[in-house]
Amino acid sequence: MDHVTAPPRLCPFCRVSIPSEARKCRHCGEYVDPVLRRAVEQALFGAGNGMSRRRPLTGDVPENELPESTEEAVYLTSPSLASIPFVIGAAAITIVLGLVFVLFPGERFDLRALFEPGLGRPTFDLLALYRTQIGWTLALGASVLFILRLVALKSTMYRITEDRIELELGFFQRDIDNLELFRIQDVRVHRGFYDRLVGIGTVKLTTSDKSHPELFLRKIGYPLRVYDHLKRASLAADRKQGVVHLER
């Protein structure tokens with residue numbers, strides 16, 4: 001009896017043709033066999049939780065509800081808080097000093113011996129009169145400045161997939177740019193003494209992209225892992241695209 005092969009079908013997630021008997025799509029990595037998919041979901045996340053947040057790309061899904069990208073991030077990172085130790089330290093000291101002015105009355109916490117010789121009697125008396133207002137100004141001002149610095153730091157996001165790097169910049173106005181991995185020519189990591197102590201570093205990419213001849217992933221956590229992934233992924237992207245980088 002002749003063996004009849006079933007025609008290929010489309011992956012419900014990436015819409016690429018796969019063998020009819022396939023249990024996992026080799027293009028997007030999704031499990032397409034319902035029984036296997038449920039088993040993997042329960043093993044990884046427990047019953048009732050989905051392994052993938054993406055919706056299947058089936059014909060009955062409205063086009064405006066389709067996800068912008070079906071690629072899952074291998075690394076999703078941003079500059080680390082450990083990269084601004086002096087900002088954190090200065091903010092903490094200023095907030096504590098402001099609260100000391102507010103919470104401790106003059107008779108319990110006399111600053112005369114500490115500040116009067118350098119400031120002079122009139123200036124010290126003026127500061128003592130408005131110590132509560134000065135304290136709140138110091139504490140709230142340092143808090144606001146620290147929050148603004150934190151927002152500026154975390155408004156930079158690096159999304160690294162198997163094929164590209166996406167850069168998301170800005171808080172109120174969000175700009176998104178990308179770099180294809182096959183354009184990467186060289187990958188390096190810079191880590192100063194403090195960076196090694198706290199586990200951060202800067203990954204420098206030299207590329208053939210005209211808009212990003214050099215790209216820096218600044219002060220990210222686990223930089224060596226990102227470095228290893230980018231080295232492997234960029235070589236795989238070169239083979240996939242048939243790209244050969246020539247030394248200058």
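The values are calculated or read from the model by the stated rules, or taken from the named source; none is laboratory data. What you are looking at is a predicted structure, and each value in this text was computed from that prediction instead of being measured. So basically every Cβ, Gly included, is an ideal-geometry build from the backbone, and we count neighbours across all protein chains shown.
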- Task: Scan Gly141, Gly192 and give me the residue that is over 27 Å from His212 (Cα atoms), at pLDDT 90 or above and surrounded by fewer than 17 Cβ atoms within 10 Å (Cβ to Cβ).
- Result: Gly141
- Query: Given Phe182, Phe171, Phe109, which one is in the same structural domain as Gly201 (by TED's automatic domain parsing), assigned to a loop (DSSP other than H, G, I, E, B) and either modelled with pLDDT under 90 or closer than 30 Å to Lys219 by Cα (or both)?
  - Reply: Phe171
- Looking for whichever is at pLDDT below 55, surrounded by fewer than 16 Cβ atoms within 10 Å (Cβ to Cβ) and within 33 Å of the chain's Cα centre (by Cα) here; the options are Gly50, Gly29. Which one fits? Gly50
